[in-house]
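Before any comments, here is the structure.
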Amino acid sequence: MENSSIRKAIMLARLGQRKQARRIVMAALRSDPQDGEGWIVLAQLVDDPDEAMYCMQQGINLRPDDAHARSLLERMKRGQRVITRAPSFTLITQDQSVPDFWESLTYKFRGLNLPLVIGLLLVGLLLMIALLGEWIAPQDPLETHFILKDQSGEFVTPPFAPGQIEGFILGSDFDGRDVFSRLLIGVRPTLVLVMMVAAARLIAGTFFGVAEGWFEGLPGALMGSVTKIVLSIPMLIIAIMVIYLFGLQTEAGVFVVALSLTGWGQAARVIADRVRIVKQETYIEASRALGAGSLRILSKHIIPQIRTLLIVTLSFEMSAVLLQMAELGFLGYFMGGGAIRLVPDGKSPAFIPVRIAGPPELGQMLAGGWSNFIYTPLLPVMVGTVFFIAVFSFMMLGEGLKRYYAETSSPGPMSALRFALWRRSEKRARGTLTVQDVQQVGHW
């Protein structure tokens with residue numbers, strides 16, 4: 001291993017970038033597995049005690065005269081930690097220049113997964129609003145106001161402009177209900193519906209995708225044909241037809257069926273492509289040679305390998321469902337019950353009951369804002385902004401998770417390194433693989 005790579009890994013570790021430093025050392029060890037110094041440095045970068053012990057023993061076997069490494073190994077055997085969160089790395093003492101401020105700042109942000117950070121913060125904010133919106137809402141979201149005094153003391157009728165009436169931060173809708181309170185409370189039913197639809201899509205997509213990618217011949221071709229037909233049908237048209245079929249019902253189950261009936265196609269296509277790649281791996285062929293059936297291989301090998309893909313796909317599906325709910329709301333289809341507003345008759349002292357939108361939901365608020373755009377032009381803009389933030393947050397979360405899982409190895413860093421070294425030695429000694437070797441790989 002070159003000293004420049006060691007210095008770079010040490011500097012990254014000192015700055016808290018242990019994962020990136022570990023990747024540099026592991027990459028060098030893949031090219032030169034006989035570098036004892038690299039194994040000793042890697043022992044101070046892994047988190048698992050057993051893996052650290054394994055690395056230190058490998059380094060001492062390659063460098064038997066290293067007294068300092070032997071003392072570290074003895075401390076590890078006694079259960080003591082070799083390093084802290086900011087490791088000292090006393091093994092390498094020469095030419096360790098202290099990085100300046102801008103170099104340190106560059107290294108700190110170079111390995112930062114910014115989409116994941118943004119996604120987690122925004123999704124956490126949405127979940128907090130969904131949980132606490134009912135308690136932090138300043139007013140009753142169903143209370144209507146026919147006439148109120150504005151800041152100047154004059155009586156005005158709804159819709160109220162933002163800040164025109166005390167307590168109405170974002171104004172009111174056409175029925176005099178506080179928009180800010182309705183937005184806070186409307187996030188919860190929207191997110192619950194989105195989660196239900198995304199989960200239903202992922203379950204259906206996983207079933208059809210695994211079946212299409214795993215089975216060959218007629219069963220696989222049949223599943224693939226079903227997926228192609230589903231992808232060729234516009235989802236919004238099917239959703240509107242299902243809603244009309246159930247008589248414009250407003251229950252959540254109707255929207256789950258409407259948005260999930262053909263929405264699982266893209267997830268199935270992505271999962272099928274991944275299953276086709278995984279089933280060509282060597283350990284799948286080894287499992288078949290040892291007599292494992294399709295069900296066991298799917299449960300023990302295929303599903304664990306696509307688990308991270310399912311998590312990423314779920315985030316992207318939630319953003320897609322939010323966008324489609326906004327489209328349905330723009331077209332006037334939304335979930336939620338109704339409420340009654342009393343309107344003066346005009347010809348008599350009596351009031352006429354009129355049915356209006358009831359408990360708030362973001363799609364419902366968007367539909368009401370567009371239907372009364374002339375009177376409340378800011379309402380659809382504000383609801384659309386909330387939709388945009390929600391869609392953006394789940395897209396950032398999905399992109400961040402995709403980058404995170406692309407940078408890490410699910411079996412663990414040392415397991416991945418040992419498997420890579422085994423594959424290299426297996427290629428050198430082609431044809432000498434035994435059943436015991438295959439079983440040992442399974443333990444890694």
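Run down L342, L401 and say which single residue is modelled with pLDDT of 60 or more, aliphatic (A, V, I, L, M), farther than 30 Å from D35 by Cα and within 25 Å of the chain's Cα centre (by Cα).
Working: L342 fails: within 25 Å of the chain's Cα centre (by Cα).
Selected residue: L401, the only one of L342, L401 that is modelled with pLDDT of 60 or more, aliphatic (A, V, I, L, M), farther than 30 Å from D35 by Cα and within 25 Å of the chain's Cα centre (by Cα).
Looking only at segment 43-78, residues that are in contact (Cβ under 8 Å) with a residue 60 or more places away in the chain and under 17 Å from A13 (Cβ atoms) come to 4 in all.
Checked against (1) outside the structural domain of V254 (by TED's automatic domain parsing); (2) among the polar types (S, T, N, Q); (3) under 30 Å from I237 (Cβ atoms), T313 meets all criteria but (1). Out of the residues in segment 219-243 meeting the condition of being free of Cβ contacts under 8 Å to residues at least 24 places away in the same chain and of a type in the set (S, T, N, Q), tell me which one is surrounded by the most Cβ atoms within 10 Å (Cβ to Cβ). That would be S225. Given L112, L170, L116, which one is modelled with pLDDT of 85 or more and under 26 Å from the mean Cα position of the chain (by Cα)? Just one listed residue meets the conditions, L116.
All conditions in (1) in a loop (DSSP other than H, G, I, E, B); (2) touching a Lys or Arg at 6+ places or on another chain (Cβ under 8 Å); (3) surrounded by fewer than 20 Cβ atoms within 10 Å (Cβ to Cβ) hold for G291, with the sole exception of (2).
Within segment 38-53, the set of residues being at pLDDT 75 or above and part of a helix (DSSP H, G or I) comprises G38, W39, I40, V41, L42, A43, E51, A52, M53. When segment 259-288 is examined, which residues are found to be over 30 Å from S232 (Cβ atoms) and buried (at least 17 other Cβ atoms within 10 Å of the Cβ)? Residues satisfying the conditions are A286, S287. The residues of segment 130-176 that are in a helix (DSSP H, G or I) and surrounded by 18 or more Cβ atoms within 10 Å (Cβ to Cβ), listed by number, are A130, G133.
The values are calculated or read from the model by the stated rules, or taken from the named source; none is laboratory data. Please read these numbers as outputs of a predicted model, since none were measured by experiment. Cβ coordinates were reconstructed from backbone atoms using ideal geometry, including for glycine residues, and neighbour counts include every protein chain displayed.
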